[in-house]
2 protein chains.
Amino acid sequence: MILLDYRDKRPIYEQVVDKLEHLIVGGALEPETKMPSVRSLAMELAVNPNTIQRAYAQLEQEGYLYTVTGRGNFVAPESEWREGKKREVLTAWKKATLQALDAGVTAEELSELLRQMIKESNEEKSGV
Amino acid sequence: MILLDYRDKRPIYEQVVDKLEHLIVGGALEPETKMPSVRSLAMELAVNPNTIQRAYAQLEQEGYLYTVTGRGNFVAPESEWREGKKREVLTAWKKATLQALDAGVTAEELSELLRQMIKESNEEKSGV
DNA sequence: CAAGTGTATTAAGAGACATAATACACTTAT
DNA sequence: ATAAGTGTATTATGTCTCTTAATACACTTG
């Protein structure tokens with residue numbers, strides 16, 4: 001379900017959060033899907049159960065999962081996280097754009113890059 | 001010259017690096033400007049000299065400063081860092097853009113936001 | 001009732017960050 | 001030449017975060 005990157009210097013629980021969040025936002029894990037138990041995912045990643053517990057707790061805090069004691073963790077309905085996620089990435093995008101403009105990148109360069117990325121994104125969808 | 005943010009959880013030396021880099025890229029500190037000495041800046045920020053030493057070492061590593069033992073640290077010529085900085089921010093911008101698209105933000109929304117930010121940026125320059 | 005869930009607690013170790021106290025080589029001004 | 005101001009290096013100490021480890025407990029399912 002997940003592959004850890006040992007060269008990554010971020011905490012393990014943070015990597016787990018990011019990867020699971022990506023799977024959820026990307027639709028690979030649909031709402032109401034049952035997540036692996038804390039103990040089984042810890043076993044699979046050769047990691048301490050506490051670390052997974054921490055990752056799940058954060059994902060619940062951010063609205064991606066909900067927990068039922070005794071039953072397990074489940075992917076939350078999209079309405080629980082879609083808007084929050086959108087705000088989060090837009091804030092980050094604005095910051096990155098400001099930094100680019102500050103560094104001397106022109107508006108035209110950014111527009112052109114954006115067009116190019118959209119084009120590539122569409123080509124992938126239609127299968128190139 | 002700098003104001004530390006104690007709510008910021010990042011290391012102090014990293015904050016110092018970021019702020020000085022911003023002053024240099026923004027033109028507030030021109031090339032060949034003499035930087036404050038390790039000891040004096042440490043005194044001013046009420047911080048250990050080792051911490052400033054670390055910040056200066058990283059800025060030198062990234063091409064923003066050059067060091068002359070016994071004389072001090074100086075802002076490097078723009079040619080030493082301008083291209084590297086541009087590559088850095090463009091990489092970050094592309095990543096942020098991909099994440100936005102992944103999260104369901106449309107290309108049109110990003111284009112519109114970009115236009116809006118350019119407009120505001122121009123208004124500031126002309127003094128609104 | 002047993003096995004599988006989430007949750008909580010305490011202890012220990014590793015590593016990064018920061019402070020503290022020195023020491024040394026070099027440059028500048030006197 | 002000397003003193004003061006530079007950068008640089010080293011060692012020790014303390015704090016904090018991350019992680020592992022070992023338990024313990026409440027709840028749910030079969």
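The values are calculated or read from the model by the stated rules, or taken from the named source; none is laboratory data. Note that the structure is a prediction, hence the values are computed from the model and not measured. Cβ atoms come from the backbone with ideal geometry, glycine included; neighbour counts cover every protein chain shown. Ligands, DNA and RNA are stripped out before the accessible areas are found, and what is left, the full protein with its side chains, is counted by its heavy atoms. Shrake-Rupley method; radii C 1.70, N 1.55, O 1.52, S 1.80 Å.
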*Could you work out the relative contact order of the range A:17-127, using alpha carbon pairs under 8 angstrom and six or more residues apart, expressed as a whole percent?*
22
*When Cβ neighbours within 10 Å are restricted to other protein chains, what is their mean count per residue of peptide B:120-128?*
1
*Between copies, how close do the B:N48 label points come, placed 7 Å along Cα→Cβ, listed in nm from shortest?*
2.6
*Along Cα→Cβ at 7 Å, what distances in nm separate the B:K86 label point from those on the other copies, shortest first?*
3.5
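Per residue of A:22-31, count partner chain C-beta atoms within 10 Å of its C-beta, then hand back the mean as an integer. Working shown, then result.
Numbers: counts 2, 0, 0, 4, 2, 0, 0, 0, 0, 0.
Mean shielding by partner chains, rounded to a whole number: 1.
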_Just to be sure I understand the model, the point goes 7 Å from the Cα along the line to the Cβ. What's the resulting A:E83 to A:Q116 distance in nm?_
3.7
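Could you size up the charge dipole of the range A:50-128 around its Cα centre, putting +1 on the beta carbon of Lys and Arg and -1 on that of Asp and Glu, and report it in debye to the nearest 20? Intermediate results must be reported in sequence, preceding the final value.
On the way: 11 positive and 13 negative charges, 64 e Å.
Dipole size: approximately 300 debye.
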*Work out, step by step, the length gained on full extension between B:E124 and B:E108: first 0.36 nm times the residue separation, then minus their alpha carbon distance; give nm to one decimal.*
3.3 nm
*Area accessible to solvent at A:V128, 1.4 Å probe radius, in Å²*: 150
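Count the net charge of all other residues whose Cβ sits under 13 Å from the Cβ of B:L114, scoring Lys and Arg as +1 and Asp and Glu as -1.
Values: positive: A:K94, A:R115, B:R115, B:K119; negative: A:E108, A:E109, A:E112, B:E108, B:E109, B:E112, B:E120.
Within the 13 Å Cβ shell, the charges total -3.
All other residues with a Cβ under 11 Å from the Cβ of A:S37 taken together, and with Lys, Arg as +1 and Asp, Glu as -1, what is their net charge?
Details: positive: A:K34, A:R39, A:R71; negative: A:E44.
Result for the local shell: +2.
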_Below 16 Å, Cα to Cα, which aspartates and glutamates can A:K119 reach? Residues fewer than 8 away in the same chain don't count._
A:E109, B:D102, B:E108, B:E109
*asked:* Please compute, for peptide A:34-41, the average count of beta-carbon atoms on other protein chains lying within 10 Å of each residue's beta-carbon.
replied: 0
_Going 7 Å from Cα along the Cα-Cβ axis for the label, what nanometre distances separate B:L3 from the same residue across the other copies?_
4.8
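Give A:K94/B:K85; A:K9/B:K95; A:K9/B:K34; A:K34/A:K85 a once-over and call out the pairs whose C-alpha atoms are over 25 Å from each other. Present the calculation step by step, with values, prior to reporting the outcome.
Numbers: A:K94/B:K85 18 Å; A:K9/B:K95 19 Å; A:K9/B:K34 34 Å; A:K34/A:K85 21 Å.
Too far apart for the 25 Å limit: A:K9/B:K34.
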*Chain A residue with Cβ closest to the axis mapping A onto B, distance in whole Å*: A:A96, 2
